[in-house]
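Trainee: So that we are looking at the same thing, I have put the structure below in structure tokens.
The values are calculated or read from the model by the stated rules, or taken from the named source; none is laboratory data. Everything quoted here is computed from the prediction, not taken from an experiment. All Cβ positions, glycine included, derive from the backbone under ideal geometry; neighbour counts span all protein chains shown.
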DNA sequence: TGATAAAATTTACGCGGGTAAAAATTTTAT
DNA sequence: ATAAAATTTTTACCCGCGTAAATTTTATCA
């Protein structure tokens, strides 16, 4: 245990009585050596805590065992949750995940892509900033590194996209809301950071049209990634002006809804589907906090694990096929309506 | 731009008309070479997008330019926020941060420490799981890698600890609450994951004693990192049993408070300091979401940036002094009371 | 202008391990 | 038991860069 005098693979091989090339083979794939030798190596491994120098290992390999995971904003627990699942899958498969957050900043995202390139990862799972992303930087990056986009799609970039089906989200919430009460207006940021927001608005409009209902899109001002505050300020303004077109509000995403609910509470507007309630609020994402809002938030939930699993599996397929896929696929997973108290 | 035929530093040096050792020096510190040569290198750098192989670079360096950042639970936006600040400081100082989350799991934390060791980082900023941590694993790790603990202290481990002064948090909230109304009971988990929780309870007890008030500690059941749900369940139970000893509740942390507020709302208990309110709730941390609860949460705020700055600076000092500090210091930063609507 | 300091170049070796080729060994099949 | 197949060992060279020492070039300044 404490004999950590082993400095390199040469010494370790000598001590375990195996040749260095065979030991090297073992570390790349333990099942590639005969069982008897494997056991001798593992016995030595228990006595001396040697581990190969990862830098020396990766130096020559054109393809490392690293996988890069990039998310736009880690202070959003939604991404925390996704990251947890993705990391788990990568580790199971014998890869080493490296996690990065752009923290909502384009320059930071570019810097991440830059340092990621020099890591020569086997592949990258990238949830881009979206509208704020430097498209050309991402395009260049994807040319050099096998990349699967997730959560937020950018047309044509990466070898595949895995995310949620925005139409499924919106159609379920709109259908539910309009069936059980007044049809909803759509509450969103004027300049949304994320392309999903646009898809959701479009889905809202088409869904309302199909149902023969008049659509109302309410846009609130604000930029950046502080969605809750943007939702809150927008909500306060709308409520004080009494300019909401309907008594039912469908928010583009849960974080806006959290802000809106705060505004309602502050303004003394009771939210829910009870007779004593003035407003219904629903939303999309099933953000980890949406069950703790007051009232708890009716929302359409991502299939977190399906998206994570599929993204990782797609990346593995991509890696196995040498970094290129026959065609760019887009996998979209449907939502599940979560009925809580807010609508 | 597109001449990426450069395979190594040798070739790049040839093309830029500079010798390889000088180019090598440049990459380690651009200001260490004469301005004229620096400009020649940078000119070549623009034409040919060469970047040194980081693995080859780090192979010989006993000390890399990497800094490990480990947090216990990344789905908690509190850590997302801290990480953002810490990463920024590291990058400014020319280091490359690597981010890891234990996702609330001991085995995962150990695995992170393990792979971190083989990365030979210049230093590590570690926010341990706390009670769930494998102490001996952390101790061994700290012996091999210059480590500064933050957020959650473990006695004697790491070369320094940087965090918040729990006594400052609790004394301010207790003082405020008892001055403006009924003295608070203390609401916490029966088996808290984090050592700060114990310190806060002790601070509560001593503060109440000093004020000559009778303390009440209310413990709720539940394990793991889903604090909100634990707070909510505990709250529902206490409210239905009407067994809260006071009309003022001081939660150990904001995430529990978020759950408690949800329970109050569900139970129809109005929270706040108005005449129509049955309960006051306050807490500690100034969690990013605490301003969006209903009502917004009165809390004691971490000095996020002071903690981050100090942790990073301490680590830099540690690195500069070769991995050992004269004595283990503990830097604690006071809280700032944030008065909102819940108490 | 010459002396001195500062910086760059040459030369050469090392790091820790990947990996190919040929020889030797072990295992498996016949 | 023997041939064929599968592993392992030997040997040897490579990767891309760090870095030390000695030498040459360039800059600085009296």
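Trainee: Which of the helices (runs of 4 or more DSSP H) contained wholly in the stretch A:113-212 include at least 1 residues that are in contact with a strand residue (DSSP E or B) (Cβ under 8 Å, 6 or more places away or on another chain) and assigned by TED's automatic domain parsing to the domain that holds residue A:282?
Mentor: Details: elements: A:135-144, A:166-180, A:195-210.
Per the criteria, A:166-180, A:195-210.
Residues checked against (1) more than 9 Å from every other protein chain (Cβ to nearest Cβ); (2) part of a strand (DSSP E or B); (3) within 15 Å of DNA strand C (Cβ to nearest atom):
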residue	(1), (2), (3)
B:69	yes, yes, no
B:80	no, no, no
B:83	no, no, no
B:86	yes, no, no
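Trainee: For residues that are within 14 Å of chain B (Cβ to nearest Cβ), more than 7 Å from DNA strand C (Cβ to nearest atom) and part of a loop (DSSP other than H, G, I, E, B), tally how many sit in the stretch A:33-60.
Mentor: Number of matching residues: 3.
Residue-wise test of (1) within 30 Å of residue B:91 (Cβ to Cβ); (2) near DNA strand D (Cβ under 10 Å from one of its atoms); (3) surrounded by 15 or more Cβ atoms within 10 Å (Cβ to Cβ).
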site: A:18; (1), (2), (3): no, yes, yes
site: A:21; (1), (2), (3): no, yes, no
site: A:31; (1), (2), (3): no, yes, no
site: A:49; (1), (2), (3): no, no, no
site: A:54; (1), (2), (3): yes, no, yes
site: A:72; (1), (2), (3): yes, no, yes
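Trainee: Something else about it: Counting just the residues of the stretch B:277-296 that are part of a loop (DSSP other than H, G, I, E, B) and away from chain A (no Cβ under 11 Å), which one comes out farthest from residue B:192 (Cα to Cα)?
Mentor: Among them, the one singled out is B:277.
Trainee: Moving on. What is the one condition in (1) closer than 25 Å to residue A:148 by Cα; (2) assigned to a loop (DSSP other than H, G, I, E, B); (3) within 11 Å of chain B (Cβ to nearest Cβ); (4) within 13 Å of DNA strand C (Cβ to nearest atom) that residue A:63 does not satisfy?
Mentor: Result: residue A:63 fails condition (3) only.
Trainee: Looking only at residues in the stretch B:88-97 that are touching a residue at least 24 places away in the same chain (Cβ under 8 Å) and touching a helix residue (DSSP H, G or I) at 6+ places or on another chain (Cβ under 8 Å), which one is farthest from the other protein chains (Cβ to nearest Cβ)?
Mentor: Keep residues of the stretch B:88-97 that are touching a residue at least 24 places away in the same chain (Cβ under 8 Å), which gives B:89-90, B:93-97.
From the residues that got through so far, the ones that are touching a helix residue (DSSP H, G or I) at 6+ places or on another chain (Cβ under 8 Å) too are B:89-90, B:93, B:96-97.
Numbers: B:89: 13, B:90: 12, B:93: 14, B:96: 7, B:97: 9 Å.
Looking at residues that are touching a residue at least 24 places away in the same chain (Cβ under 8 Å) and touching a helix residue (DSSP H, G or I) at 6+ places or on another chain (Cβ under 8 Å), I get B:93.
Trainee: Quick one: is residue A:213 closer than 17 Å to residue A:178 by Cβ, surrounded by fewer than 18 Cβ atoms within 10 Å (Cβ to Cβ) and touching a helix residue (DSSP H, G or I) at 6+ places or on another chain (Cβ under 8 Å)? First the steps, then the outcome.
Mentor: Numbers: closer than 17 Å to residue A:178 by Cβ: yes; surrounded by fewer than 18 Cβ atoms within 10 Å (Cβ to Cβ): yes; touching a helix residue (DSSP H, G or I) at 6+ places or on another chain (Cβ under 8 Å): yes.
Against the criterion (closer than 17 Å to residue A:178 by Cβ, surrounded by fewer than 18 Cβ atoms within 10 Å (Cβ to Cβ) and touching a helix residue (DSSP H, G or I) at 6+ places or on another chain (Cβ under 8 Å)), residue A:213 qualifies.
Trainee: Further, regarding this structure: Mind telling me which of the residues B:110, B:60 ends up being in contact with a helix residue (DSSP H, G or I) (Cβ under 6 Å, 6 or more places away or on another chain), free of Cβ contacts under 8 Å to residues at least 60 places away in the same chain and over 17 Å from residue A:115 (Cβ atoms)? I'd like the intermediate steps shown before the answer.
Mentor: Working: B:60 fails: in contact with a helix residue (DSSP H, G or I) (Cβ under 6 Å, 6 or more places away or on another chain).
When all the criteria are applied, what remains is B:110.
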